[in-house]
Amino acid sequence: MSSIKVSIAGLGTVGQGLLSLLVEDRRFTRQGIDFDIAGVSARNRSTKREPSIESYRWFDDPVELATDPETDIFVELIGGADGMAKAAVIAALEAGKPVVTANKALIAEHGPQLARLAEEKGVALKFEAAVAGGTPVVRGIRDGVAACTVKAVSGILNGTCNYILSTMAKDGRAFDDVLLEAQKLGYAEADPTFDVDGIDAAHKLVILACLAFDAAIPMSAVSCEGIRGITEGDVAAAKKLNMAIKLLAEAVLKDGKVALRVTPALVPEAHSFAKAMGSENVIIVDAEPLGRLGFNGPGAGAGATASAVAADLCDIARGSIGPVYAAKANLLGKLDYMSVDEIENPYFFRVLLKDEPGALAAVAEALAAQHISIESLRQPPSRKKGASVTIVTHPCRASAAKAVKQALAAHPFVEEAPSILPIVTP
């Protein structure tokens, strides 16, 4: 049994987790696979790591590591859509070396281009760990529904946002307070922009949509809204409706067009999306003639993500090459896109009104102007001056709901910008 020499660029928590997996016996020997570490590269050689990297060849330049003659498979864990990560992956593929990556930004922004290069060179490019950590949704969509027509992919794809929203609901705390706690616990980065503004989830949605719809999808096709505007009042009002607020990523095919969005939304408490806690990811795929397929599992963490990288390494060791997506890269199509403004959902409005005659009538008039009908209205007793009104509408277009929000935000009866969120029942 000859050894397969693996080179790893990027030695953060996932890189160290991968090293731990590869140096332990695990199941590799029983599967007839023997991995050996050909070399490593990271930003700082002197950083203390577990396991130790002292016995491995060190490369300051990940591109040099990617093209080193002893490298059989190159693993990129640097991160980022461009820069050294992209350069090293291209160099490895150009040199005819298979690549495994956990880099969702790289695959979302440049996946089809890299896939064409990999297929031209006859080598594998695998990225199971780029979406949902250790949950095998990439191969599940690429292989499991290969004979189906996918109608929709939706899910909770960001563990940081899920932790924040779950904690806000459980403890009744404010967004900023929970975000600070998440940063202290290591669940959120010092700069949480990619997570809380929905960009991370949008990257993952693009990857899943490319797999599901056999198309090259640009990031610009995704409408992206994060969770910074969610308040403890919104979360509490949702709970009274037996719903939870979650950051959802959706790609929906309708009338030959695809709509892609990342948005905070209300979901029924009984749904699997609402039950997801902490870093758990949940993805649902609707496909014909199969029906509904669900995936759930840990979406982050060294062990979960490293196990997905190791699984890709095993696939390559067994001879798996491609194609990278369900369809060959040169056959990926172009889609027509539907504006998310055309998507119809019931909507949740929460409006803080001044305690003045005619205030509630003003809300009703703003809804009527957009031909939106009310399903229910709640005005719980308040000890504070003014009234917090919660409205659930019948289904309407997103564009109409947004117009109501703009009208109310400018209205003298309204104390602050109203909250408006779609209600999604996947």
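Things to note:
- Relative intensity, log₁₀ I(q)/I(0), of the stretch 1-141 from a Debye sum that treats every alpha carbon as a point, q = 0.19, 0.22 Å⁻¹: -1.19, -1.53
- Full extension of the chain between Arg378 and Ala410 yields a length gain of 9.3 nm, computed as 0.36 nm times the residue separation minus the alpha carbon distance.
- For the chain, relative contact order (Cα pairs under 8 Å, six or more residues apart, normalised by length) works out to 16 percent.
- Highest-fluctuation residue, Gly39, Gly133, Gly155 considered, GNM on the chain with Cα pairs under 10 Å: Gly39
- When the chain is treated as a Gaussian network with alpha carbon springs shorter than 10 Å, the biggest mean-square fluctuation among Ile78, Ile207, Ile343 belongs to Ile343.
- Kyte-Doolittle at least 0.5, axis length at least 20 Å by Cα - qualifying DSSP helices, the chain: 199-213, 302-317
- Distance between the pseudo-spin-label points of Thr149 and Arg318 (7 Å out from Cα toward the beta carbon): 3.1 nm.
- If the segment from Gln113 to Asp177 were pulled out straight at 0.36 nm per residue, it would be longer than the present Cα-Cα gap by 18.9 nm.
- Only one residue of Pro62, Gln379, Gly322 has its Cα farthest out toward the positive end of the dipole of the chain, where Lys and Arg carry +1 and Asp and Glu -1 on Cβ, and that residue is Gln379.
- Across the stretch 4-130, the mean sequence separation of Cα contacts (distance under 8 Å, 6 or more residues apart), normalised by length, yields a relative contact order of 24 percent.
- Among Asp197, Asp336, Asp214, the largest mean-square fluctuation in a Gaussian network model of the chain, built with springs joining Cα atoms closer than 10 Å, belongs to Asp336.
- Considering the stretch 267-379 at the alpha-carbon level, its Rg and Dmax are found to be 23.3, 73 Å.
- Multiplying the residue separation of Asp336 and Lys254 by 0.36 nm and subtracting their alpha-carbon distance yields 28.5 nm.
- With a threshold of 28 Å on the Cα-Cα distance, the over-threshold entries among Lys86/Lys254; Lys184/Lys240; Lys5/Lys184; Lys104/Lys246; Lys121/Lys204 are Lys86/Lys254; Lys184/Lys240; Lys5/Lys184.
- Label selected from [x] 66, 48, 35; [y] 81, 46, 36; [z] 66, 53, 31, the criterion being Cα extents along the principal axes in Å as computed here: [y]
- Loop-resident sites, the stretch 352-425, for trypsin sites (Lys or Arg not before Pro), counting at most 16 other Cβ within 10 Å (DSSP): Lys354, Arg383, Lys384, Lys385
- Calculated mean residue ellipticity at 222 nm for the chain: -10000 deg cm²/dmol, from DSSP H runs with n ≥ 4 weighted as -39500 (n - 2.57), summed, divided by the residue count and rounded to 500.
- Positive minus negative residues near Val89 (Lys, Arg vs Asp, Glu; Cβ under 15 Å): -4
Quick note: the coordinates plus some simple rules give every number you see, no bench work behind them. Model, not experiment: these values are computed from the prediction. Neighbour counts run over all protein chains shown; Cβ positions are idealised from the backbone, glycine included.
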